[in-house]
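The values are calculated or read from the model by the stated rules, or taken from the named source; none is laboratory data. For clarity, every value in this text was computed on a predicted model and none was experimentally measured. All Cβ positions, even for glycine, are placed from backbone atoms using ideal geometry, and neighbour counts span all protein chains on display.
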Amino acid sequence: MPDSPEAAAGPKDPLLGFVERFASVLVAAGFPPMPARVFVALLVTDSGRLTAAELAATLRISPAAVSGAVRYLGQLGLVHKERVPGSRRDYYRMPDDIWNTMLRLRDQVLVRWTMLLREGIGLAGPDTPAGARMAEHVEFFEFVSRELPGVLARWDALQAERRSGPRGIPVT
């Protein structure tokens, strides 16, 4: 995706279409629409960072919409604000390990859901159909929460191996 407002996507730009399609998938998963669009725009940008003006021009949205979107994404840790040396503008970028971060955030949500479901089991009674159904959900969430750290550790090891290459020689 272009890194400057002058090169903003045209009306039939396939990459802008991709941004919209990917954003719609995120929206279907519960993401607010504008943060989803900004998130994907940052994902597909070669430099990995854009200014608020560049985001607004690329996505054809208002600066206020960009501001709200990056504030939302920042609160989740999905976007960071930075200043490039010699520049007076703020740039927004996503962390390098974004999917790892997203899964860790999802794991925190599962822990909260598990606690609430346990409360629900206590209220409905463990021997009721509702209590049994909630207990099954608790089992699933606890299973995923136990397995996720191992999955993430294996991913980290795979990434470290790829970065070091054969015999410890860094891959370029």
Yes/no for residue 104 being in contact (Cβ under 8 Å) with a residue 24 or more places away in the chain, outside the structural domain of residue 44 (by TED's automatic domain parsing), among the charged types (D, E, K, R) and surrounded by 13 or more Cβ atoms within 10 Å (Cβ to Cβ): yes
Out of the residues in the stretch 1-26 that are out of contact with any Asp or Glu (no Cβ under 9 Å at 6 or more places or on another chain) and charged (D, E, K, R), state the one that is modelled with the lowest pLDDT. 6
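Residues in the stretch 74-81: is at least one surrounded by 19 or more Cβ atoms within 10 Å (Cβ to Cβ), among the basic types (Lys, Arg) and either under 23 Å from residue 104 (Cα atoms) or touching a residue at least 60 places away in the same chain (Cβ under 8 Å) (or both)?
First pass over the stretch 74-81, keeping only residues surrounded by 19 or more Cβ atoms within 10 Å (Cβ to Cβ): 78-79.
Next cut, among the basic types (Lys, Arg) only: none.
No.
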Which condition does residue 124 not pass, out of (1) over 27 Å from residue 96 (Cα atoms); (2) at pLDDT below 90, if it passes all the others? (2)
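Based on what the data block shows, is residue 116 free of Cβ contacts under 8 Å to residues at least 12 places away in the same chain and more than 30 Å from residue 163 (Cβ to Cβ)? Break it down stepwise before answering.
Details: free of Cβ contacts under 8 Å to residues at least 12 places away in the same chain: yes; more than 30 Å from residue 163 (Cβ to Cβ): yes.
The answer is yes for residue 116.
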Can you pull out the residues in the stretch 27-38 that are out of contact with any helix residue (DSSP H, G or I) (no Cβ under 7 Å at 6 or more places or on another chain) and either modelled with pLDDT under 95 or crowded, with 20+ Cβ neighbours inside 10 Å (or both)? 29, 30, 31
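More than 21 Å from the chain's Cα centre (by Cα) and closer than 30 Å to residue 40 by Cα: is that true of residue 135 in this structure? Walk me through it before giving the result.
Working: more than 21 Å from the chain's Cα centre (by Cα): yes; closer than 30 Å to residue 40 by Cα: no.
Judged against the criteria, residue 135 is not a match.
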Test each condition in (1) assigned by TED's automatic domain parsing to the domain that holds residue 160; (2) within 22 Å of residue 13 (Cβ to Cβ) for residue 60 and report the one that comes out false. (1)
Any idea which of 48, 74, 86 is within 27 Å of residue 33 (Cβ to Cβ) and at pLDDT below 90? 48
